[in-house]
Structure formats: structure tokens, C-alpha cells
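Q: Sharing a structure below in C-alpha cells format, with a few things to ask.
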Amino acid sequence: MPKVSSKRQITIPIEQCNEAHIKAGDIVETFIYNNQITIVKKTLGAAKGLLSHIKYNSKVTDEQSLQDALESRH
């Protein structure tokens, strides 16, 4: 069973790394929910195209968009 080091580092067992396809140097993200830590391997390009179906107006500035969002909250 892994232990937490004095630097708060945890070694993940090799079997679990193999199953999750996690290798040395991979980027992971951690989340805490209900006092449980979940480790997720980040995959480069995983979100590519996720918002491609959304139409946008390139003439609208960031400031205008923010102002519209603030006004719609009232």
C-alpha cells in the first residue's frame, strides 16, 4: 500500500499505472470529492474540436461579451 512521503508525494503502484496507461513524465490532474482523491491522466488534444459546433461573432470584443454577460444577470 502506498504511503505519503514527507514531501506529500505518493508512488502509484506499477500495476495501476499500466492499467491507466500512465508513464513517467505524463501530466495528471487531481480532483477531490467526498474526501476522495481522483487522479486523471491528461491527454494532449483531448478537447480539440469540443466547441467547434458553436458559432461566434469575431466582431464582438471581449469587453462587449463581458458587459453583455453582466447585464444578462440582472
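Q: Starting from segment 1-17, take each residue that is at negative phi and list its partners that are assigned to a helix (DSSP H, G or I) and surrounded by 10 or more Cβ atoms within 10 Å (Cβ to Cβ), counting only C-beta distances under 9 angstrom and pairs at least six apart or across chains.
A: 12/20
Q: Restricted to segment 39-58, and to residues that are among the basic types (Lys, Arg) and outside any strand (DSSP E or B), which residue is nearest to residue 8 (Cα to Cα)?
A: So the first thing to find is which residues in segment 39-58 are among the basic types (Lys, Arg), and the list is 41-42, 48, 55.
Filter once more, keeping what is outside any strand (DSSP E or B): 42, 48, 55.
On the way: 42: 21, 48: 33, 55: 44 Å.
Residue satisfying both the conditions and the ranking: 42.
Q: What do you reckon, is residue 61 within 24 Å of residue 10 (Cα to Cα) and modelled with pLDDT of 85 or more?
A: no
Q: Go through 40, 4 for me and flag whichever is under 20 Å from the mean Cα position of the chain (by Cα), modelled with pLDDT of 90 or more and of a type in the set (A, V, I, L, M, F, W, C). Walk me through how you get there before you give the answer.
A: Numbers: 4 fails: under 20 Å from the mean Cα position of the chain (by Cα).
Matching residue, one of 40, 4: 40.
Q: Here's a follow-up. I need the full set of residues from segment 1-38 which are hydrophobic (A, V, I, L, M, F, W, C) and either surrounded by fewer than 10 Cβ atoms within 10 Å (Cβ to Cβ) or in a loop (DSSP other than H, G, I, E, B) (or both), in order please. Outline the logic, then answer.
A: Pass one, segment 1-38, residues hydrophobic (A, V, I, L, M, F, W, C): 1, 4, 10, 12, 14, 17, 20, 22, 24, 27-28, 31-32, 37.
Across segment 1-38, the qualifying residues are 1, 4, 12, 14, 22, 24, 27, 31, 32, 37.
Q: Considering only residues that are charged (D, E, K, R) and in contact (Cβ under 8 Å) with a residue 12 or more places away in the chain, look in segment 39-60 and name the one that is surrounded by the most Cβ atoms within 10 Å (Cβ to Cβ). It would help to see each step written out before you state the result.
A: Going residue by residue through segment 39-60, those that are charged (D, E, K, R) are 41-42, 48, 55, 59.
Retained after the next criterion (residues that are in contact (Cβ under 8 Å) with a residue 12 or more places away in the chain): 41-42.
On the way: 41: 14, 42: 9.
Ranking the candidates gives 41 first.
The values are calculated or read from the model by the stated rules, or taken from the named source; none is laboratory data. These figures come from a predicted structure and were not determined experimentally. We place every Cβ from the backbone using ideal geometry, glycine too, and count neighbours over all the protein chains shown.
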